[in-house]
1. Hey, if we sort Y8, Y16 by accessible area with the 1.4 Å probe, largest down, what's the order?
2. Explain nothing, just the number: relative contact order of the chain, from Cα pairs under 8 Å at least 6 residues apart, as a whole percent.
3. Per DSSP helix of 4 or more residues, -39500 (n - 2.57); summed, then divided by the residues of the chain. What does that give at 222 nm, rounded to the nearest 500?
4. What whole-number value in cubic angstrom gives the convex hull volume per residue for the C-alpha atoms of the stretch 1-41?
5. Report the gain in length on full extension from D59 to D46: 0.36 nm times residue separation, minus Cα-Cα distance, nm rounded to one decimal.
6. Calculate the dipole size of the chain relative to its Cα centre from +1 charges on Lys and Arg beta carbons and -1 charges on Asp and Glu beta carbons; express the result in debye to the nearest 20.
7. Taking only protein heavy atoms and a 1.4 Å probe, what accessible area per residue, in Å², does the chain have with all protein chains in place?
8. Could you state the angle between the C-alpha long axis of helix 19-34 and the longest principal axis of the C-alpha atoms of the chain, as a value from 0 to 90 degrees rounded to the nearest 10?
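The values are calculated or read from the model by the stated rules, or taken from the named source; none is laboratory data. All values reported here derive from a predicted model rather than from experimental measurement. As a convention, Cβ positions derive from the backbone with ideal geometry for all residues, glycine included, and neighbour counts pool all protein chains shown. Ligands, DNA and RNA are excluded from the accessible area calculation, which covers all protein heavy atoms including side chains. Shrake-Rupley method; radii C 1.70, N 1.55, O 1.52, S 1.80 Å.
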Amino acid sequence: MAISDLIYVDQSGFHYPDYPTVLTYLQSEYRTIYGADTYLEADSQDGQWISILALSMFDCMQVASAVKNSFSPLKAQSDAL
């Protein structure tokens, strides 16, 4: 699965997955590279690093959604109005 399958824009707006989905996606991609038996739970260094990356990606998706919505008079908030 590609990340573009999870994030897309269509007529109804900007769509992005929730944080657990992003985390699962990154863990899956990591295991594709390093092997299915790779330990990626929260108490491992690699698991913590992937969690940081997933949260960063999720935050970027939220900002991108806010920017996209700021161009719509129906969805804009704050100064964008």
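1. Working: Y8 105, Y16 80 Å².
Highest to lowest solvent-accessible surface, that is Y8, Y16.
2. Values: 51 pairs, mean separation 19.4, N = 81.
Reported as a whole number, the value is 24 percent.
3. On the way: 2 runs with 41 residues, N = 81.
Calculated mean residue ellipticity at 222 nm is -17500 deg cm²/dmol.
4. Details: hull volume 2.2 nm³, N = 41.
Measuring per residue, one finds 54 Å³ for the Cα hull of the stretch 1-41.
5. Gain on extension, D59 to D46, equals 2.7 nm.
6. 340
7. Values: 5850 Å² over 81 residues.
Per residue, the chain has 72 Å² of solvent-accessible surface.
8. With rounding to tens, the tilt is 40 degrees.
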